[in-house]
Amino acid sequence: MSFSEYIVYVDEAGDHSLASIDTDFPVFVLAFCIFEKQQYINQTTPAVQAFKFNYFGHDMTILHEREIRKSIAPFNILQNSNIRQHFMADLSQIMSEAPFTLVASCIDKQKFIHRRGRNENPYHVAMQFGLERVFYFLQERQQVNKKTHIVFECRGKKEDNELELEFRRLLDQSQITGMAETLDIIFADKKVNSTGLQLADMVARPIGRHIMEPTQPNRAFEIIETKFRRSSQGNIRGWGLKCYP
């Protein structure tokens, strides 16, 4: 088995519980960032490291969208409005220039309950939508039967075991030829300083916000929108962005 030229990093926004729904963010978003490995090695990772050295003096800081948004330590430097302005401009530039392709699933949890009840797991449904579109991307680039790793952040032993079981079940039952032979799952500890996972963390929430409030200004989504996988006609919906239901 040879390895593909791509690697995929996955992160989420919102929670996938149907027991209680956050009225401020009643959606669940699962984002898949597809990187060509050589570009990731030579361009993306050095740019993020240089950014961290500039603002923190080291590259051990892990970028988290929520902590940045709320100026929580170590991002309490952003309480200074001048630093925040420059920090956000530089981070936006990194996101804009980072050469990755985006696939995302967004689930409206209340509508999901009405459509499918409370027994199905929105995370699993979102994962299926995402994996299929990631595979189509790889298929278009002649990467079928070349092992492509899908990197998920660890959430806990029980949750990770359930996720891996569902991942392999989806591939085993898929009618899409070559998908099971191409995709593989790998877990990364939350403390792993992975550039790909950190950028995936940056994109998930703005997608959810745009779906909920499409007319509201959303600078982050304006940048992210350029990354989505598209049809030959330039369509995003159904190609790079799957909204359900």
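Heavy-atom accessible surface of the stretch 1-149, averaged per residue, reaches 48 Å², computed with a 1.4 Å probe. Taking a point 7 Å from the Cα of Ala47 along the Cα-to-Cβ direction, the residues of the stretch 210-238 with backbone N closer than 18 Å to it are 219-229.
Between the stretch 91-136 and the stretch 1-80, the alpha-carbon centres lie 16 Å apart.
Which peptide among 12-18, 53-59 comes first, and what is the full order, when sorted by highest mean count of other Cβ atoms within 10 Å? Please list the in-between numbers first.
Values: 12-18: 18.7, 53-59: 12.4.
In descending order of packing, they fall as 12-18, 53-59.
Scoring 67-79, 38-50 by mean Cβ neighbours within 10 Å over their residues and listing the highest first yields 38-50, 67-79. Averaging the sequence gap over all C-alpha pairs within less than 8 Å and six or more residues apart, then dividing by the number of residues, gives the chain a relative contact order of 32 percent. Give the residues of the stretch 139-158 whose amide nitrogen is closer than 15 Å to a point set 7 Å from the Cα of Asp172 in the direction of its Cβ. Backbone N within reach: none found.
Which percent of the accessible area of the stretch 117-245 is formed by carbon and sulfur heavy atoms (probe 1.4 angstrom)?
Details: 2990 of 6480 Å².
Within the stretch 117-245, the accessible surface is 46 percent carbon and sulfur.
Listed by chain and number, the lysines placed with their C-alpha closer than 22 angstrom to that of Lys70 are Lys52, Lys190, Lys191; residues fewer than eight positions away on the same chain are left out. Going through the DSSP H helices of the chain, which span 18 Å or more along their own axis at the Cα atoms while scoring at least -0.5 as a mean Kyte-Doolittle hydropathy? Span-like helices, by this rule, are 81-97, 122-140, 195-212.
The values are calculated or read from the model by the stated rules, or taken from the named source; none is laboratory data. Bear in mind the structure is a predicted one, so any value in this text is a computation, not a measurement. Virtual Cβ from ideal backbone geometry, glycine too; neighbours counted across all protein chains shown. Just so you know, the surface numbers come from the protein's heavy atoms only, side chains and all, with ligands and any DNA or RNA stripped out. Shrake-Rupley method; radii C 1.70, N 1.55, O 1.52, S 1.80 Å.
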